[in-house]
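Written out below as structure tokens is the structure these notes cover.
The values are calculated or read from the model by the stated rules, or taken from the named source; none is laboratory data. This is a predicted model, so every value here is computed, not measured. Using ideal geometry, Cβ is built from the backbone for each residue, glycine included, and neighbour counts are taken over all protein chains shown.
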Amino acid sequence: MRPATTVAIILLATFAGAHVELQAGEVEYSTEPLAQSPIMSTAELAVDLARFNNWLVEQKPPEPEQYALIREHDYLLIDSVLKIRKHEGRAAFNEFERVALQKSFSLASGLGVYGAGLVAQELANGGAHRSAEPLLPKEPTQLQLQFPYLVLSSKAASWQVRFPYYFMLWHSSRFTAKNGLLTDLAMLSTSFSKHDKGDGQSQATITFVYSPKADCKVFDRSWLELLGVDASGKTSAVLLPASQNYYAYEPKSNLHTELTLLSDATGCYALAYSGIGGPYQANRVSYLDFVKSLDRTGGTRSDLIQPTTPAAPSSGFSPP
């Protein structure tokens, strides 16, 4: 997700939900990114939330090309709510925060954020505020809520990844890439952090790529080239057994990019992480946790997660 002057997301809440013994790939994510100072104070949040909601009511339904900026500001509000709660050391949201989060996640469902509607329904918890129907990826990809995590997997492959509900999953698809390989692609945004050069704040981006039964040398070369990472940028880091890690930095844009490649009998994998200086460093622990969450043993834990089926958003917008 590109940097923006106002954008958003954050927090691993200890909401209702029984603790479950962790299985393969089910890492607990670090809350370090949530310990940063909130972008907005409580007073600024209340004013901005009212203005944002009034603006949405007054505007015509946005065009698809406007979705990114609107949902980024929506998640900036979410980010501020979660960081304020974290900084105040509270274990629960107050009523204002709960309603604000529920409405914000419901709005995001109509702006192309997969799974946001599931989170809105969880936060509503039988309340009076109606949530949008969840927007879910097309089959064979599956997205399920195991609060406070979302679980992304495929009926047609053995991979599964797990990430906090406050991550913004804004792309999910299966297609044949230009390299001729059948490809699963997911892109999601982490928390917001301030830039280390100049003003502004933005999210960092995590990308997941998988190709089954492919020539992994072709796969690796393709993704190194596509992400602008030179093979000479190989590092000594080993984020997963038998993986290779690469790093690139573009001074003009202050953009950091990291790429982790690995392969096994199930196929070829590329996991990438990119961000402007500041957000890249502050949220890298989330990328490390995401990499560790990769489960290649096959299938989601259907005994613990209720199946969900794709539904069109009902917030008045259509997904891109």
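If you go through the range 227-255 and keep only what is touching a Lys or Arg at 6+ places or on another chain (Cβ under 9 Å) and either buried (at least 17 other Cβ atoms within 10 Å of the Cβ) or not small (Gly, Ala, Ser) (or both), you end up with 239, 240, 244, 245, 246, 247, 254. I'd like to know if the range 131-141 contains one or more residues that are under 19 Å from the mean Cα position of the chain (by Cα), surrounded by fewer than 23 Cβ atoms within 10 Å (Cβ to Cβ) and assigned to a strand (DSSP E or B). Checking the range 131-141: at least one residue is under 19 Å from the mean Cα position of the chain (by Cα), surrounded by fewer than 23 Cβ atoms within 10 Å (Cβ to Cβ) and assigned to a strand (DSSP E or B). Residues in the range 143-170 that are part of a loop (DSSP other than H, G, I, E, B) and under 24 Å from residue 72 (Cβ atoms): how many? Qualifying residue count, the range 143-170: 5. Listed conditions (1) at pLDDT below 95; (2) closer than 30 Å to residue 63 by Cβ are all met by residue 303, apart from (2). Residues in the range 159-178 that are in contact with a strand residue (DSSP E or B) (Cβ under 9 Å, 6 or more places away or on another chain) and either of a type in the set (A, V, I, L, M) or modelled with pLDDT under 95 (or both): 161, 168, 169, 177. Scanning the range 46-74 for residues that are crowded, with 21+ Cβ neighbours inside 10 Å and in contact with a helix residue (DSSP H, G or I) (Cβ under 7 Å, 6 or more places away or on another chain) yields a total of 2.
All told, residue 153 falls short of being within 17 Å of residue 71 (Cβ to Cβ), in contact with a Gly (Cβ under 8 Å, 6 or more places away or on another chain) and either at pLDDT 95 or above or not basic (Lys, Arg) (or both).
So which residues in the range 73-105 are among the basic types (Lys, Arg) and either within 19 Å of the chain's Cα centre (by Cα) or not in a helix (DSSP H, G or I) (or both)?
83, 90, 103
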